[in-house]
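Data block below; observations after.
The values are calculated or read from the model by the stated rules, or taken from the named source; none is laboratory data. Keep in mind it's a predicted model, so treat the numbers as computed, not measured. Positions of Cβ are generated from backbone atoms using ideal geometry, with glycine treated the same way; all protein chains shown enter the neighbour counts.
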Amino acid sequence: MGITFSLPVLCADMVPFANSTYQRFMSVNEGQAVIINLPPIDCYPAPTVYWRNVLTGVRIMDGIQHYHLTVDNQLIILSTQMNRDNGTMFRAQARNIYTFESSHSPTFLISVNGKNDSF
């Protein structure tokens, strides 16, 4: 009589970001916050996500300056300023930690209107 074991087999996989209809241009009044939602990505296990400023290449760190990252991989920019944030572009990179595959999100452009400007 033998012993039989049943083990689940999980396969690491990643499908690149879909060509989604997510809002890629965001216009806000100076002083308002911006929330950038990460488009859906099909990945097992859940990917590690990094946000970067496209123009400088600098990786966005949670809690540094006026940036915050949520558990849902949203990028939040608090209290936007015309001279600092207007024209800034952001992009996310998702990476599967097992297969080392990566995918880049679309680029998101922030437009900050002055306090007296309108949309």
Filtering the range 88-116 down to residues that are more than 14 Å from Ala46 (Cβ to Cβ), over 17 Å from the mean Cα position of the chain (by Cα) and not basic (Lys, Arg) yields Phe100, Ser111, Val112, Asn113, Gly114, Asn116
Look at the range 104-114 and say how many of its residues are touching a Lys or Arg at 6+ places or on another chain (Cβ under 8 Å) and assigned to a strand (DSSP E or B). 3
For the range 65-72, indicate whether the set of residues that are among the polar types (S, T, N, Q), modelled with pLDDT of 90 or more and closer than 13 Å to Ile35 by Cα is non-empty. yes
Wholly inside the range 20-91, strands (runs of 3 or more DSSP E) that include 2 or more residues that are hydrophobic (A, V, I, L, M, F, W, C) and out of contact with any Gly (no Cβ under 7 Å at 6 or more places or on another chain) are 25-29, 34-36, 48-53, 75-77
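This table checks each residue for (1) out of contact with any His (no Cβ under 8 Å at 6 or more places or on another chain); (2) closer than 17 Å to Leu109 by Cβ; (3) without any contact (Cβ under 8 Å) to a residue 60 or more places away in the chain.
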{"residue": "Met26", "(1), (2), (3)": "yes, yes, no"}
{"residue": "Val34", "(1), (2), (3)": "yes, yes, no"}
{"residue": "Tyr50", "(1), (2), (3)": "yes, no, yes"}
{"residue": "Arg59", "(1), (2), (3)": "yes, no, yes"}
{"residue": "Gly63", "(1), (2), (3)": "yes, no, yes"}
{"residue": "Thr70", "(1), (2), (3)": "yes, no, yes"}
{"residue": "Ile76", "(1), (2), (3)": "no, yes, yes"}
{"residue": "Met82", "(1), (2), (3)": "yes, yes, yes"}
{"residue": "Thr88", "(1), (2), (3)": "yes, yes, yes"}
Are any residues in the range 1-38 at pLDDT 90 or above and of a type in the set (Val, Ile, Thr), and if so, which ones? Val28, Val34, Ile35, Ile36
